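Below: the structure, in structure tokens.
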Amino acid sequence: ETLAGTRVRTNLDDLASSISVVTKKFLRDTASFGNQELLNYTPNTEVSGIGGNFSGFAGQKSFNESQKLINPGNNNRVRGLDAADNTRDLFLTDIPWDSFNVGRVDIQRGPNSILFGVGSPAGIINASINDATFKRAYRFENVIDEYGSLRDSLDLNQVLLKGTLAIRLGYLDDRKKFQQKQAYNDQ
């Protein structure tokens, strides 16, 4: 079920819109922590930057990377058009999402996203934030990669008053490293 297609909880089978639902398990299996990693695995999407699959500079008069470095979450292209709008729980946002506190990501491709508010003709990428639930749950993750990156995340959900009050806390320490070969021109 999703709210992305009609803003009313609807089965995905009943929607005529192109929507991909990415679960927490898929995010974990592909080590996707944000748009930059996830959009490499979803259909009809592209992302630029380190590990991306397009430059993001087509049709521009000058090569200026500063805006793409300031807001890497919007450095994508959906359906070959433009960057999709980022939403958090269906509210437009400029804050990039991170998988440590996201339960699922809905990617709605195409102009149908405009019908339900302000939206890009490319689509919407909606991140659903983890809510506090009425069950006790704890999760710790430690991710290490070949370049020395270290990522620790902690997710705590505690019931304070049974059936009335629960609290959820999330912690993230992400130290990303990568290796890039030096560029040279040998003539």
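Throughout, read-outs are computed from the coordinates displayed, never taken from laboratory work. Given the structure is predicted, the values throughout are model-derived calculations rather than measurements. Here Cβ is always computed from backbone atoms with ideal geometry, including for glycine, and neighbour counts include all displayed protein chains.
A few notes on this one:
- Treating r as the C-beta distance of R28 and D174 and R0 as 22 Å, the FRET efficiency rounds to 0.90.
- Taking region 94-111 and a reference point 7 angstrom along Cα→Cβ of F140, the backbone N atoms nearer than 19 Å belong to 100-101.
- Of the chymotrypsin sites (Phe, Trp or Tyr not before Pro) found in region 122-187, the ones in coil according to DSSP and having at most 14 other Cβ atoms within 10 Å of their Cβ are F134, Y147, F178, Y184.
- Checking every one of the trypsin sites (Lys or Arg not before Pro) in region 114-187 against DSSP loop status and a limit of 13 other Cβ atoms within 10 Å picks out K135, R136, K162, K176, K177, K181.
- Whole-number D in µm²/s for region 86-187 (Stokes-Einstein; Kirkwood sum over Cα pairs; 25 °C, 0.890 mPa s): 146
- Calculated FRET efficiency for the pair Y184/D89, C-beta based, R₀ 41 Å, to 0.05: 0.30
- Around K162: net Lys/Arg minus Asp/Glu count, Cβ-Cβ under 11 Å: +2
- The residue list A183, S153, A166 was ranked by how far each Cα lies along the charge dipole of region 139-187 toward its positive end, using unit charges on Cβ atoms, and A166 comes out on top.
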